[in-house]
Amino acid sequence: MLRAPDGRVVATTDMLLEGRHFRRAWSRARDIGAKAAARNLADVAAMGARPTALLVSFAGPGDLAVDWVLELVDGIAEECAVAGAGVAGGDTSGADTVLLAITALGDLAGAEPVTRHGARPGDVVAIAGSLGGAAAGLALLSAGHADPGADLRGLVRAHQRPTPPYDAGPEAAALGATAMIDVSDGLVADLGHVAEASGVGIRLSWDRLAAGPAARAGRLEKAAGVLGGADWRAWVLAGGDDHALAATFPARTLLPDRWHVVGEVVGSAGSGGGAGAAGDSGGGGAGAVTIDGRVWDGPGGWRHFTD
């Protein structure tokens, strides 16, 4: 039984599947547990709420070492402590591979929730947290670079154990954020959800993205070189899994340093673009996310039933 001082409860659920979202050969059990918790806790923060509790369901093979499972639980508890939440209960079952299904709950403390629906033309788009690191880390691991050296080790770590800025969610709500989302499927894809729900277009500036602290371009460029010239822009724009927060704010909002402005919200009409063909130089219609006025023609972000 949980107290709900606000009278409302923010709730979200997410799954983490072995072979789909993690590999035991690449990540410690502690990190897998923390990642599973982080994916859910970030969704609560993205509505401007403070996480309060997780309900955790675990399934795994019968020959899984007990110590591995206990370490997994430690990772969940550690990440909950970072966000100020706790584990309130759950369930267990047998399965051929490891599966974690988690429900996260949060409290709005009397504030209105920040949804995907409120972005307005003229708002600025800002990021709190980092982009591209988890995708770069996954690319390094997939290419056999489990330990790519001190300079790039943080990218592998970003894939294994994301660090969402949980307190930035309630902070954004207090600053008057009009819409917000956590970047799990890729920046363009997730901002596309905001644009579609709000009936607007979003125009991003690549120079602002590349120059800002969110992208950490130097490390990403170095990782791309190690991988034979991979397109590090795709990690930033379509990588996902970092669980940074992306929010829209009224243009005159004075933002703390952790929020880096990377674009603006534009009207849904007048460009002739829509979500049109790659290379369209228009501003894009409702639901369109453009980079310097052009539709991104690279990878489109995570697609759950095809990737």
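Odds and ends about this structure:
- For segment 198-211, the criterion of being free of Cβ contacts under 8 Å to residues at least 24 places away in the same chain and not charged (D, E, K, R) is met by at least one residue.
- Flag if ALA179 is touching a residue at least 60 places away in the same chain (Cβ under 8 Å), open to solvent by less than 20 Å² (accessible area, probe 1.4 Å), in contact with a Phe, Trp or Tyr (Cβ under 7 Å, 6 or more places away or on another chain) and within 26 Å of THR13 (Cα to Cα): no
- Per-region count, segment 259-270, residues more than 16 Å from SER198 (Cβ to Cβ) and either surrounded by fewer than 17 Cβ atoms within 10 Å (Cβ to Cβ) or hydrophobic (A, V, I, L, M, F, W, C) (or both): 4
- Looking across VAL226, VAL236, one residue alone is within 19 Å of ALA134 (Cα to Cα), within 13 Å of the chain's Cα centre (by Cα) and of a type in the set (A, V, I, L, M). It is VAL236.
- Pairs where the first residue, in segment 226-252, is on the phi > 0 side of the Ramachandran plot and of a type in the set (D, E, K, R) and the second is open to solvent by less than 10 Å² (accessible area, probe 1.4 Å) and part of a loop (DSSP other than H, G, I, E, B), C-beta under 7 Å, 6+ apart: ASP241/PRO162
- Count of segment 193-220 residues which are small (Gly, Ala, Ser) and within 29 Å of ASP107 (Cβ to Cβ): 4
- Within segment 76-101, tally of residues that are farther than 15 Å from TYR166 by Cβ, of a type outside the set (Ser, Thr, Tyr) and in contact (Cβ under 8 Å) with a residue 60 or more places away in the chain: 5
- Checking the stated criteria, ASP185 turns out not to satisfy the condition of being open to solvent by less than 40 Å² (accessible area, probe 1.4 Å), charged (D, E, K, R) and modelled with pLDDT of 95 or more.
- Strands (runs of 3 or more DSSP E) contained entirely in segment 69-176, each with at least 1 residues that are small (Gly, Ala, Ser) and surrounded by fewer than 16 Cβ atoms within 10 Å (Cβ to Cβ): 86-94
The values are calculated or read from the model by the stated rules, or taken from the named source; none is laboratory data. Bear in mind that the values here come from a model prediction, so they are computed numbers and not experimental data. Glycine also receives a Cβ, built like all others from the backbone with ideal geometry; neighbour counts cover every protein chain displayed. In case anyone asks, the SASA skips ligands and DNA or RNA and just uses the protein heavy atoms, side chains included. Shrake-Rupley method; radii C 1.70, N 1.55, O 1.52, S 1.80 Å.
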